[in-house]
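Visitor: Structure below; questions to follow.
The values are calculated or read from the model by the stated rules, or taken from the named source; none is laboratory data. Here the structure is a predicted model, which means the values were calculated and not measured. Cβ placement follows ideal geometry from the backbone for every residue including glycine, while neighbour counts extend to all protein chains displayed.
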Amino acid sequence: MTSAMFETDTPDPIAYLDWLAASDLGRAYKKRMLEELDVRAGQTVVDLGCGPGTDLGALAEAVGGAGAVIGLDHDQVAVDAAAERTVGEDVVDVRSCDVHELPLADRSADRARTDRVLQHVADPARVLGEVRRVLRAGGRLVMGEPDWGTLTVDHPDGDLSHAYTRYVTEKAVANARIGSRLPRLAADAGFAVPAVLPVTPVFRDAGAADKVLGLERNTRRAVAAGYLTEDGAWRWLDHLASGFFLATVTFYIVVADA
């Protein structure tokens with residue numbers, strides 16, 4: 001099972017994050033998240049799951065010389081990359097930590113953001129509780145997460161599409177429905193939720209969609225997990241590679257005020 005159109009190897013995590021941030025989709029939603037975060041000069045901003053520091057520069061520019069930006073991530077390789085990329089940004093401090101236990105004092109930050117991180121953590125509610133603890137009164141958290149239950153990949157055999165989405169939501173992603181559940185979880189953590197902003201990219205090119213969705217890699221895993229047969233997987237991929245293509249998934253930007 002292989003196609004010249006689709007990637008079969010898992011991409012390097014840092015290279016993938018860099019690519020997505022530079023894509024039209026990445027630039028558009030990150031710009032919207034930054035606008036909703038409404039950072040002011042002199043504030044302290046926390047980037048939970050900062051990865052290789054993709055967004056730290058923009059945050060540093062927003063807070064200015066009197067502010068502070070704290071980048072947190074559990075992956076030491078990503079932390080090292082972020083630290084290296086922000087050398088010379090005196091307001092940026094990058095730390096390794098578990099986002100379930102933030103190494104920050106109560107009411108010590110004005111703003112916080114998290115981008116496609118909560119879909120992977122063990123306990124999203126606990127993370128939100130920690131953010132609520134560290135934000136000052138009037139503080140703001142902006143989150144961006146997909147809801148993989150909204151994933152639609154058009155195919156003449158709807159059962160194959162349904163099986164693929166079931167695999168993604170039930171096995172591939174720990175908190176696959178987190179996007180649409182974030183407003184409720186944020187409210188349960190004590191936040192007000194003034195805005196929920198859906199972003200639904202429509203992919204018309206199979207190769208471009210594959211870079212985001214990992215179509216063949218996940219199809220192979222779906223076969224191994226018993227969600228698709230080998231024959232069904234071949235028919236699925238063959239049509240995606242050679243037929244009319246359309247796929248969508250909804251990404252939610254959720255604004256939460258302390």
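Visitor: Determine whether Val193 is more than 30 Å from Gly139 (Cβ to Cβ), surrounded by fewer than 20 Cβ atoms within 10 Å (Cβ to Cβ), touching a residue at least 12 places away in the same chain (Cβ under 8 Å) and within 21 Å of the chain's Cα centre (by Cα).
Guide: Details: more than 30 Å from Gly139 (Cβ to Cβ): no; surrounded by fewer than 20 Cβ atoms within 10 Å (Cβ to Cβ): yes; touching a residue at least 12 places away in the same chain (Cβ under 8 Å): yes; within 21 Å of the chain's Cα centre (by Cα): yes.
Criteria not met by Val193.
Visitor: Would it be correct to say that Ala174 is aliphatic (A, V, I, L, M), farther than 25 Å from Ala28 by Cα and either without any contact (Cβ under 8 Å) to a residue 60 or more places away in the chain or in a loop (DSSP other than H, G, I, E, B) (or both)?
Guide: Values: aliphatic (A, V, I, L, M): yes; farther than 25 Å from Ala28 by Cα: yes; either without any contact (Cβ under 8 Å) to a residue 60 or more places away in the chain or in a loop (DSSP other than H, G, I, E, B) (or both): yes.
When the stated conditions are applied, Ala174 passes them.
Visitor: Counting only residues that are buried (at least 22 other Cβ atoms within 10 Å of the Cβ) and part of a loop (DSSP other than H, G, I, E, B), which one in segment 103-138 is farthest from the chain's Cα centre (by Cα)?
Guide: Leu118
Visitor: If you don't mind, there's one more thing I want to ask. Does segment 83-99 hold any residues that are in contact with a strand residue (DSSP E or B) (Cβ under 8 Å, 6 or more places away or on another chain) and within 20 Å of Val127 (Cβ to Cβ), and which are they? Reasoning before the result, please.
Guide: Of segment 83-99, the ones in contact with a strand residue (DSSP E or B) (Cβ under 8 Å, 6 or more places away or on another chain) are 83, 86, 89, 91-97, 99.
Asp93, Val94, Arg95, Ser96, Cys97, Val99, listed by residue number.
Visitor: Further question on the same structure: Sort out which residues of segment 196-237 are farther than 30 Å from Arg132 by Cβ, out of contact with any helix residue (DSSP H, G or I) (no Cβ under 8 Å at 6 or more places or on another chain) and either in contact (Cβ under 8 Å) with a residue 40 or more places away in the chain or in a loop (DSSP other than H, G, I, E, B) (or both), and write them in order of number.
Guide: Scanning segment 196-237 gives Val202, Arg204, Asp205, Gly207, Leu213, Gly214, Arg217, Gly226, Trp234.
Matching residues to (1) over 23 Å from Val254 (Cα atoms); (2) touching a residue at least 24 places away in the same chain (Cβ under 8 Å):
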site: Val91; (1), (2): yes, yes
site: Asp110; (1), (2): no, yes
site: Val127; (1), (2): no, yes
site: Ala137; (1), (2): no, yes
site: Val153; (1), (2): yes, yes
site: His162; (1), (2): yes, no
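Visitor: Consider segment 14-53. How many of its residues are in a loop (DSSP other than H, G, I, E, B), crowded, with 22+ Cβ neighbours inside 10 Å and either touching a Ser or Thr at 6+ places or on another chain (Cβ under 6 Å) or at pLDDT below 95 (or both)?
Guide: Residues of segment 14-53 that are in a loop (DSSP other than H, G, I, E, B), as a first pass: 23, 38-43, 49-53.
Subset that is crowded, with 22+ Cβ neighbours inside 10 Å: 39, 43, 50-53.
Filter once more, keeping what is either touching a Ser or Thr at 6+ places or on another chain (Cβ under 6 Å) or at pLDDT below 95 (or both): 53.
Total satisfying the criteria: 1.
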